[in-house]
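To start, the structure under review is shown below, and the notes come after it.
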Amino acid sequence: MAIGQVAAWDVEEGWGVISSSETPGGCFGHYSHIEGTGFRSLEAGETVEFDWEKPGYKQDGYDFRATRIRRLRRTDQHT
């Protein structure tokens with residue numbers, strides 16, 4: 001399990017990139033792997049916890065692919 005920050009997310013296509021020191025070069029994330037029900041999406045800047053794998057091929061140009069994504073918090077929110 002890793003902690004990362006959403007670097008980019010395309011709401012219309014339902015995928016994006018998560019940055020983490022454990023997945024250099026970025027980790028591909030798909031909406032179907034976000035925990036929750038109904039419409040699921042992420043926004044750039046959100047901090048997430050995620051499980052990942054290195055499938056042995058590039059997923060949309062990325063060496064790593066998220067297999068589970070859980071929101072933690074947004075970095076621009078003030079508490």
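The figures follow:
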item	result
Within-9-Å neighbourhood charge of Ile34 [Cβ basis; K, R +1; D, E -1]	+3
Length-normalised contact order of the chain in % [C-alpha pairs under 8 Å, at least 6 apart]	31 percent
Diffusion constant of the chain at 20 °C, which comes from Stokes-Einstein with the Kirkwood Cα-pair radius and 1.002 mPa s, µm²/s	174 µm²/s
Surface share of carbon and sulfur [accessible, 1.4 angstrom probe, percent] for the chain	47 percent
Under Karplus coefficients 6.51, -1.76 and 1.60, residue-wise ³J(HN,Hα) of the stretch 16-27 in Hz, glycine/proline x	x, 10, 10, 9, 7, 5, 7, 10, x, x, x, 10
Assigned charges on the beta-carbon of Lys, Arg, Asp, Glu; the chain dipole about Cα centre (debye)	200 debye
Ser21 - accessible surface, heavy atoms, 1.4 Å probe, Å² rounded to 10	120 Å²
Cα-projected label distance for Thr37 with Arg71, points at 7 Å along beta-carbon direction, nm	1.6 nm
Trp52, Trp9, reordered so the largest accessible area comes first (probe 1.4 Å)	Trp52, Trp9
Solvent-accessible area per residue, Å², over the chain with all protein chains present [probe radius 1.4 Å]	61 Å²
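The values are calculated or read from the model by the stated rules, or taken from the named source; none is laboratory data. Keep in mind it's a predicted model, so treat the numbers as computed, not measured. As a convention, Cβ positions derive from the backbone with ideal geometry for all residues, glycine included, and neighbour counts pool all protein chains shown. Surface areas here come from the heavy atoms of the whole protein model, side chains and all, with no ligands, DNA or RNA. Shrake-Rupley method; radii C 1.70, N 1.55, O 1.52, S 1.80 Å.
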